[in-house]
Amino acid sequence: MNKFAIPSFLFLLVSITNAQTKTIDNKSFTNFNFGRNLHGTGDISGFHYGINYAQYINNEKFYWEIGFESTLNDDESIDYFFQDQQGNQLNGKSRNIIAGFQLIGGFGYHIIKTPHHQFGLSLDPLIRYQSNSIPDVVTTLFPVITDLPVPVQYTEFIEPFRTLAFGGSLRLNYNYKLNNNIMIGFTGAFQTDTNGDSISSILLNIGKCL
């Protein structure tokens, strides 16, 4: 029996290895993305995050996708330095926040699609709600003009505080399948909309194949 035991064991080992490395042709996938972005209004850096679902069309390289995403951008800028009559050093700061969320939905194509590597692009129309605290005009009047002991600053808002806009996003995607269920990757994205906003993003993707 020993002369059959070793070949049988080898055959079993090869069968298990092949079963573990075999890649299933998944019909859909979902992923969570998180990363940094740059908002064109004020060139303010921030965060971009969301969750997307995609399904292949006839199990080929084309797929459609939908998603819900959000962005948060903020900064703090020093508009002036000033020393009061008691010698105290003062600085006037502006704190600006742009935040929004968006629904996306569109189509993608994998230029390269192997059992472990996926590289392609997608084009996603979107609808975006946004809130923006950045003033359109900021004017600072110093004591030499006002005769007050401290500078005076006033702001003007021309554009709406809240906006609803339509736009589109162009994305380059790369994902690596760790196994039949989990994949990780990166996305580079650029979007613009009818409100005149543009956002560039670099995202890390963690997904699950379905």
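The values are calculated or read from the model by the stated rules, or taken from the named source; none is laboratory data. From a predicted model like this one, the values you see are computed outputs, not experimental measurements. Neighbour counts are summed over all protein chains in view; Cβ atoms, including those assigned to glycine, are modelled from backbone coordinates with ideal geometry. Heads up: the accessible areas ignore ligands, DNA and RNA and are worked out on the full protein's heavy atoms, side chains in. Shrake-Rupley method; radii C 1.70, N 1.55, O 1.52, S 1.80 Å.
Out of curiosity, is Ile66 farther than 18 Å from Gly168 by Cα, in a strand (DSSP E or B) and either open to solvent by 10 Å² or more (accessible area, probe 1.4 Å) or touching a residue at least 24 places away in the same chain (Cβ under 8 Å) (or both)? Full working, then the answer.
On the way: farther than 18 Å from Gly168 by Cα: no; in a strand (DSSP E or B): yes; either open to solvent by 10 Å² or more (accessible area, probe 1.4 Å) or touching a residue at least 24 places away in the same chain (Cβ under 8 Å) (or both): yes.
In short, no.
Looking at Phe101, Phe119, can you tell me which residue is more than 30 Å from Glu156 (Cβ to Cβ), assigned to a strand (DSSP E or B) and without any contact (Cβ under 8 Å) to a residue 60 or more places away in the chain? Reasoning before the result, please.
Values: Phe101 fails: more than 30 Å from Glu156 (Cβ to Cβ).
Matching residue, one of Phe101, Phe119: Phe119.
Would you say Leu203 is aliphatic (A, V, I, L, M) and within 23 Å of Phe34 (Cα to Cα)?
Details: aliphatic (A, V, I, L, M): yes; within 23 Å of Phe34 (Cα to Cα): yes.
Judged against the criteria, Leu203 is a match.
Of everything in the range 98-131, what is among the polar types (S, T, N, Q) and within 15 Å of Ser28 (Cβ to Cβ)? Give them in sequence order. So that I can check it myself, show each step before the final result.
Taking the range 98-131 and keeping what is among the polar types (S, T, N, Q), we get 102, 114, 118, 122, 130-131.
Answer for the range 98-131, where residues must be among the polar types (S, T, N, Q) and within 15 Å of Ser28 (Cβ to Cβ): Gln118, Ser122.
Conditions first: (1) over 18 Å from the mean Cα position of the chain (by Cα); (2) open to solvent by 60 Å² or more (accessible area, probe 1.4 Å); (3) within 30 Å of Thr155 (Cβ to Cβ). Glu60 passes all but one, so which condition is the exception?
Looking at each condition in turn, Glu60 falls short on (3).
Go through (1) within 19 Å of Gln102 (Cα to Cα); (2) surrounded by fewer than 17 Cβ atoms within 10 Å (Cβ to Cβ) and name the single condition Ala165 misses.
Only one criterion is unmet by Ala165, namely (2).
Select from the range 69-93 the residues that are open to solvent by 80 Å² or more (accessible area, probe 1.4 Å), in contact (Cβ under 8 Å) with a residue 24 or more places away in the chain and assigned to a strand (DSSP E or B) and list them in ascending order.
Hit for the range 69-93 is Asp74, nothing else.
Suppose the filter is aromatic (Phe, Trp, Tyr), over 30 Å from Pro160 (Cβ atoms) and at pLDDT 70 or above; does Tyr49 pass it? If you could, list the steps in order and put the result at the bottom.
Values: aromatic (Phe, Trp, Tyr): yes; over 30 Å from Pro160 (Cβ atoms): no; at pLDDT 70 or above: yes.
Answer is no for this residue.
So which pairs qualify, if the first residue must be in the range 144-166 and farther than 23 Å from Arg95 by Cβ, the second must be loosely packed, with under 10 Cβ neighbours inside 10 Å, the Cβ gap must be under 7 Å, and the two must be at least 6 apart or on different chains?
Every condition considered, the pairs that remain are Pro149/Gln85.
Residues that are among the hydrophobic types (A, V, I, L, M, F, W, C), at least 2 per element: which strands (runs of 3 or more DSSP E) completely within the range 132-210 meet that?
137-141, 162-177, 182-193, 198-209
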